[in-house]
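The values are calculated or read from the model by the stated rules, or taken from the named source; none is laboratory data. Computed from a predicted structure; not experimentally measured. As a convention, Cβ positions derive from the backbone with ideal geometry for all residues, glycine included, and neighbour counts pool all protein chains shown. Areas reflect the complete protein model, heavy atoms only, side chains present, ligands, DNA and RNA absent. Shrake-Rupley method; radii C 1.70, N 1.55, O 1.52, S 1.80 Å.
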Amino acid sequence: MQIRKLNANEIPPFELLLLADPSQKLVEEYLRRGYCFIGLRNDQVIGVYVLLPTRPDTVELVNLAVDENHQGNGFGKQLVKHAIQIATGLGFKTIEVGTGNSGVGQLALYQKCGFRITGVDRDFFVRHYDEAIFENGIQVIDMIRLSQDL
Ligand code: COA
């Protein structure tokens, strides 16, 4: 998979972006404020992530997604490692990420890429989303926050 920045004249891969975050409003906000990167295989966009500057020296990895037909092949890990490299190159000192309490695979992926849990934003998904979301048979209620120093 080749990873590159989305050009200003390209349409963002909304279907993929919405896999990671069902809120179109939040996705559009992230795209406006962040740097969007796409992963391509045979000219097809199969992966995406957005790097969102949040506080001085800190950037958050948001909207990470791999096309469902290509999941489980290491592309997610490749995108996370790329995001860490880009954030380091841009001079950020800390990279953060958040995921739902039910995201067993995501929690494994981020920890395998060097992130450590820093806290829990309790009730985040109840406060910010209108409908109840379930994943792995578990309701998504709290956001697990992770970070790593760059
Ligand atoms: N237990 C232990 N390890 C697990 C696991 C589990 N239940 N599920 C995944 N992993 C590990 C994999 O084994 C792999 O590690 P390895 O390389 O050491 O074997 C690592 O996590 C990532 O696997 P990878 O194949 O790179 O992930 P992927 O390409 O399937 O992408 C997502 C992962 C999360 C990006 C993808 O599933 C996705 O797009 N999901 C929907 C959107 C989403 O939830 N985005 C994240 C928002 S926080």
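The table for this structure:
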read-out	value
Under 5 Å, built H, 5+ apart or other chain: amide partners of Ile3	Leu40
Dipole of the chain, positive end: most advanced residue of Asn63, Leu79, Pro12 [Cβ charges, Cα centre]	Leu79
Helix runs (DSSP H) in the chain reaching 18 Å along axis by Cα, Kyte-Doolittle at least -0.5	75-89
Fraction of accessible area attributable to carbon and sulfur, the range 1-111 (%, probe 1.4 Å)	46
Spatial separation of Cα centroids for the range 90-145 and the range 14-89, in angstrom	15
Pair Lys93, Gln44: separation of 7 Å Cα→Cβ label points (nm)	4.4
Sequence-distant residues sharing a close amide H with Asp67 (under 5 Å, placed H)	Gly47
Residues Val120 and Asp57, FRET efficiency given R0 of 22 Å [Cβ-Cβ distance, rounded to 0.05]	0.45
Nitroxide proxy distance, nm - points 7 Å out along Cα→Cβ at Asn7 and His70	1.9
With at most 14 other Cβ atoms within 10 Å, longest stretch of the chain clear of loop trypsin sites (Lys or Arg not before Pro) (DSSP)	1-92
Assigned charges on the beta-carbon of Lys, Arg, Asp, Glu; the range 36-117 dipole about Cα centre (debye)	300
Per-residue ³J(HN,Hα) for the range 69-74, Karplus 6.51 cos²θ - 1.76 cosθ + 1.60, θ = phi - 60°, Hz, x for Gly and Pro	6, 10, 5, x, 10, x
